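Student: Just passing along the structure, written as structure tokens.
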Amino acid sequence: MNKIEAKDTIYKVFDYIDNGVIKTDFGDFAGHPGLYFFHTKKEFETMLDSYLNKEFYSRYDIYYMIERLVKFLLGKYDSHTKAYFKDNIYFPIAFKIQNDEFYIINIIDNFKDIIGGKLISINNIPIERIASELEQIINYSTVEYKNLMLANNIKQLYILKSLPSIEENVDKITYEIEHNQRITTVEFDVKTKYENLKSTTPENYSYEILDDILIIHYNSCKNIDKMKSLIEKLKIIENKLLYNRYKK
């Protein structure tokens, strides 16, 4: 779309964020409170105009501008308001960030021998540059959340294609990995159907006992019935642990 169409599309998106009604199981939510609290609409318009620096824009350009504008308006005060590609493609690879470096923690079986390797580049673009461009569209109030979102976004094809340094017409993403002083190239493309990545996250609403220490696993408490069931199980386990300690 041309510059006028791109601008009009972005205005419509932010009008929806500001005023749109969303129906959920918890009730209706009407608009984003305080969307223009930290920056006025005039400041928003000025920032948008500064981003419109070419004649034609793709869906990826629009996405990147919207995310930058959301961050401009809300910054560290809202880590949840964002746009999504509903048809996005996630590659079967997972990273964890340590000391600002990306390390593979999970990947499909073909490449299991490089788990623990460090990410060097994506499509020949240094990872430092990729991370910097991603940071521009991530709202966060803690470094931990920023790192979580970086690791999540870096395996999503369409988000990568929205970055200024990645060509948006690519149908293949190449991760360059350094492992045991060797460089390995891992390629994923849009046409290949990959096996699902085996989860390394413990089952939600579960627990385990290690050396008499009770470890509870849950990352969400939306399912009330499962949470109640877990609590009842934990009461029984707690009594057993206390009894065992008393016997010792």
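The values are calculated or read from the model by the stated rules, or taken from the named source; none is laboratory data. Note that the structure is predicted; figures quoted are calculated from it, not measured. When we count neighbours, we look across all protein chains shown, and the Cβ atoms used for this are built from the backbone with ideal geometry, even at glycine. Protein only, heavy atoms only, side chains kept; ligands, DNA and RNA dropped before computing areas. Shrake-Rupley method; radii C 1.70, N 1.55, O 1.52, S 1.80 Å.
Student: Among the listed pairs 3/82; 155/233; 23/71; 54/86, which are separated by more than 30 Å between their Cα atoms?
Tutor: The pairs that break the limit, which is 30 Å between Cα atoms, are 155/233.
Student: Round to the nearest 0.05 the FRET efficiency obtained for residue 47 and residue 229 when R0 = 45 Å and r is the Cβ-Cβ distance.
Tutor: The calculated FRET efficiency here is 0.40.
Student: Write down the Å³ per residue value for the convex hull defined by the alpha carbon atoms of the chain.
Tutor: 186
Student: May I ask you to rank 13, 143, 70 by accessible area, largest first, using a 1.4 Å probe over the protein chains only?
Tutor: 143, 13, 70
Student: Can you compute 3J(HN,Hα) from phi for each residue in the range 2-7, using the Karplus curve 6.51 cos²θ - 1.76 cosθ + 1.60 with θ = phi - 60°, rounded to whole Hz and x for Gly and Pro?
Tutor: 7, 4, 5, 5, 4, 4
Student: Rounded to a whole number of µm²/s, how large is the Stokes-Einstein D of the range 30-152 at 20 °C and 1.002 mPa s, given Rh as the Kirkwood radius over C-alpha pairs?
Tutor: 129
Student: Taking +1 at the Cβ of each Lys and Arg and -1 at the Cβ of each Asp and Glu, which of 157, 29, 231 sits farthest along the dipole of the chain towards its positive end, judged by Cα position relative to the Cα centre?
Tutor: In the chain, that residue is 231.
Student: Using θ = phi - 60° and the Karplus relation 6.51 cos²θ - 1.76 cosθ + 1.60, list the HN-Hα couplings for the range 35-51 in order, rounded to whole Hz, with x at every Gly or Pro.
Tutor: Computed from phi, the couplings for the range 35-51 are 4, 10, 6, 7, 9, 6, 4, 5, 5, 4, 4, 5, 5, 4, 4, 5, 7 Hz.
Student: Peptides 49-55, 134-140: what's the order by average Cβ count within 10 Å, highest mean first?
Tutor: Those peptides, ordered most packed to least, come out 134-140, 49-55.
Student: Please give the per residue accessible area of the chain, computed with a probe of 1.4 Å over protein heavy atoms only, in Å².
Tutor: 64
Student: Scan around residue 207 for amide H atoms under 5 Å from its own, H built in the peptide plane at 1.01 Å from N, and keep only partners 5 or more places away or cross-chain.
Tutor: For residue 207, the qualifying residues are 217.
Student: Now for a separate question. Could you work out what % of the accessible surface of the chain is carbon and sulfur, using a 1.4 angstrom probe and leaving DNA, RNA and ligands out of the count?
Tutor: Roughly 52 percent, rounded to a whole number.
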